Structure formats: C-alpha cells, structure tokens
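The values are calculated or read from the model by the stated rules, or taken from the named source; none is laboratory data. Owing to the predicted nature of the structure, the values given are computational and were not obtained by experimental measurement. Ideal geometry is used to build each Cβ from the backbone, glycine not excepted, and the neighbour counts take in all protein chains shown. In case anyone asks, the SASA skips ligands and DNA or RNA and just uses the protein heavy atoms, side chains included. Shrake-Rupley method; radii C 1.70, N 1.55, O 1.52, S 1.80 Å.
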Amino acid sequence: MQTKNDSMAIDTASLLAVSSELFSKYDIITLPESANYRCQNILNVLLHASTSSTNSLESASNDLKSKNPDLKIPSADTIFNYIKDNNIEDSLSAFRKMNCEIFKMMKLENTVHDIAIDFHDIPYYGDKNTLGMRGIKPKNGSSWGKSFCTLDIIGTSHLTLDIIDVNGLNKNYSLFIKSLFERLKIMGVKTGTAYFDKEFFNRAVISKLCELKVDFVIAAKSNQVINSKLENHKREWGNTSTIFEYQFQKGGPSFNIVAIYNDKKKRFLLFATNKEAESIEKFEKTIPEEYRKRWNIETGYRVKNDFKIRTCTKSPVARTLFFAIQCIMYNILNMLKSVIEITAYELKSSINEDINKAVRYGLKSLNLIPVKVLLDCLKWYNEERNRVLRTRLTTI
C-alpha cells in the first residue's frame, strides 16, 4: 500500500533538488569567503546554462535576470571569478565522490561491470598557447583543444565514473590506466572486461593491464609484423579469420591478435585481447559483438552534449568544471532512468521549471527530500504499477 509519505515524496520531488543536492554536498565549486551569493545562486545559473537553450553562462544569467528583474542574479563574470580560484583536481575529486554515491544508490556494487576508457577532445579556437590546451585530432576545424581521459561503465548501466584532465603535451598511458583502476577499486567497482579504441594499442597500456590482471579487448592497429602474419595465413587458408600470439618489438607481455575477416569490407578487423582463445569460431562471434558495447561511450558523448555549457573562456578550471557538469548531468539522467522512463529533454525541462521557481521564490534550499529516498519511492512506484498491470492482464 502506498503511504502518505510515499505520495508526498513523489509529489514534491524536484529534479533540480536532486542535482543541487549532489553538487552542493561535495563542493564541486568552492566560493570565496567574500562571495555575495550563496552556492545555490551559482548552481542555478550553471544548471540553467547546462539544461536550457541559453547554453552559456552569459545568456543563462541574462535570461534569469530578464525573468526576475527585481532579484539579484549573479553575472557570468562574477561566476567566472569564483571559478578561476578553484582547483581542477578538487573539482574532479568532488565529481568522483558524487559518482561513488550514485553508484551505490543504484545498487551496482555487487555486479561485475564492463568498462570503456577513452580520450575525449573538445576543440578550442583561440590561441593554441593557452594554458591547458594541447594538440588533438583535427575536429570541427581545429587541431587544438582540451583533452580528457574518461572511464565509463557500459552495458546495462551507463555511468561516467572518472575523468582525468590531460594537460601535458604527452599522454602517460601507464599512469592513466593505473590511476583509473586504483580509483575503481576504492569505489568498489567490480571490473569485467575493459574495452579500448586503437589509440590504446601500445605496449604501455597492455603491459599495465596485464600487470593489473584486467581482461581487455582493444581495437588493434596493423603494422608490418601483423600484416606479414596475415599474408602468410591468407596464402595457406585464404580469406578466413585467425588468431595468433603477438608481442611488441620493444618487449612487454604476449597477447592474442584476433583477426576477423570481414567479407563486406574485404579486410581483417583486428582486436588485441588477453582472453583465453578457446577457438577462432567462438571469437568470431563474441569479440566483435562484445566490442560493439564500447559504442555506448560514443552514444554517451552525444547525450552529454545535451548538457554542454558553451564558452570561449581560457580558464582550464572552468573548462574542466563545465565538462564535469556535463558528465554529472549524464549520470543523473541514467540514475533516474534506472527507476523511471525519462529523456534528456524531459530532465532539462523539469530542471529549468524548478530553477525559475527557486529563483522567483528565493528558496535557500531545494533539497526537499534526499536523492536516495526519491529513487526508492520511484522504484516502489514502478514496481507497484507493474504489479497492478500484471494483475489486470491475468484476470482478463
């Protein structure tokens, strides 16, 4: 039976409150003692920029001012001044703590999760010598930008659990892998198979994964040695799939190259893996199908862009914070999706409606109910609705 408290929790649920609780609880932004605004005032503008068509701080602040001319709304310049005194690693540490709580609230601790690690580049069109910018793969007319290494759960549940700010000219692959898996262990994430694109096909990554005893599947790059082995195979067996042991010329552990011949493309699809090779027939069916799960991370980037805050700022702190906000909103969306049917558009619309109410009525706190209580209520609501539906279907 639905209790009065359950009904009240659902009726008073604010998706802005859900977001604000996580943002404010872990201080993703630290305000100076001299600040003239509360953290909620700053979050209102940031979340308005992230969830509305006014997708910059300037336009978000101006929009809220135009709708509430008698109220004091922080300007974009004020918010940037607050942000610039923050520390990138402090913001990312808060981001990780939020994700740890989301992970636990979704009750994912006792499940094995496949993961995908990827580099994500955000193009920059200003001076390439700006602090924190680096050379990236040409994208949308720019070869310079901000680069992040991200770690995502893929499969049934989708969450971006970690971000590393890539701020040097060289990528330390071994350090990235070590840091990411150390934090996964702290969070209590049980790892299944790790999936990577071709950029991670190198000795440093594979050596570290083998050292950590992590199962991996990596899209492999062809080279002279691999091509020679494939030519020998084709002369003996024709255009058929094969498996062979491989080791980088500079050393490191040995692993398997799975070469699957694609009839449509008339070429081999190459994968590196340390999984035990029972048979080429089994790998032909499982490896490409498993690797397709990595595309969840690409889909995730498209959803994250729904929450993008556009900016021309040179501040590496602000750019990192804005990307972290995208990932947090993506995680909140997927957390809610675990108990209700909701789209990014619906989440954004709901949050913006709540922002206007919060600003208009000057609410100091939006945390009407804790996030965990909201999730439990929504889960109960869905289970009860399904139970009633099943009962109706069986009695017809």
Going through the cross-link list LYS178/LYS234; LYS65/LYS314; LYS25/LYS190; LYS128/LYS213; LYS65/LYS308, which pairs have a Cα-Cα distance over 29 Å in this structure? LYS178/LYS234; LYS128/LYS213
Evaluate the Kirkwood expression for the hydrodynamic radius of the chain, namely the inverse of the mean inverse distance over all pairs of different C-alpha atoms, and round to one decimal in Å. 23.4 Å
Residue pairs, from the table LYS265/LYS293; LYS107/LYS185; LYS221/LYS250, whose Cα atoms sit over 18 Å apart: LYS265/LYS293
Please list 3J(HN,Hα) in residue order for segment 133-141, calculated via the Karplus relation 6.51 cos²θ - 1.76 cosθ + 1.60 where θ = phi - 60°; whole Hz, with x for glycine and proline. 8, 8, x, 10, 4, x, 8, 6, x
Quick check on segment 191-238: take the gyration tensor over C-alpha atoms, sort the square-rooted eigenvalues as a ≥ b ≥ c, and tell me if it's rounded (a/c under 1.5), prolate or oblate. prolate
Not counting the cut sites, what is the longest span of the chain without GluC sites (Glu not before Pro) that DSSP labels loop and that have at most 14 other Cβ atoms within 10 Å? 110-275
With DNA, RNA and ligands ignored, accessible area of MET133 (1.4 Å probe; Å², nearest 10): 20 Å²
For segment 47-149: rounded, prolate or oblate by the Cα gyration tensor [a/c cutoff 1.5]: oblate
Based on the alpha-carbon gyration tensor of segment 206-292 and its eigenvalue square roots a ≥ b ≥ c, which shape applies: rounded if a/c is under 1.5, prolate if not and a/b is larger than b/c, or oblate? oblate
Run a plain Debye calculation on segment 156-222 (Cα atoms as equal point scatterers, no solvent) and give log10 I(q)/I(0) at q = 0.14, 0.26 Å⁻¹, rounded to two decimals, same order as the q list. -0.45, -1.43
Check each of the chymotrypsin sites (Phe, Trp or Tyr not before Pro) in segment 124-164 and keep only those in coil by DSSP with at most 15 other C-beta atoms within 10 angstrom; list them in order. TYR125
Under 20 Å Cα-Cα from LYS282, which aspartates and glutamates qualify once same-chain neighbours fewer than 8 residues away are excluded? ASP114, ASP215, GLU245, ASP263, GLU290
Ratio of Rg to Rh over segment 18-89 (Cα coordinates, Kirkwood Rh, two decimals): 0.95
Sort ASP70, ASP27 from largest to smallest accessible area, using a 1.4 Å probe on the heavy atoms of the protein chains. ASP70, ASP27
If you filter segment 45-104 for trypsin sites (Lys or Arg not before Pro), then keep DSSP loop positions with at most 14 other Cβ within 10 Å, what is left? LYS72
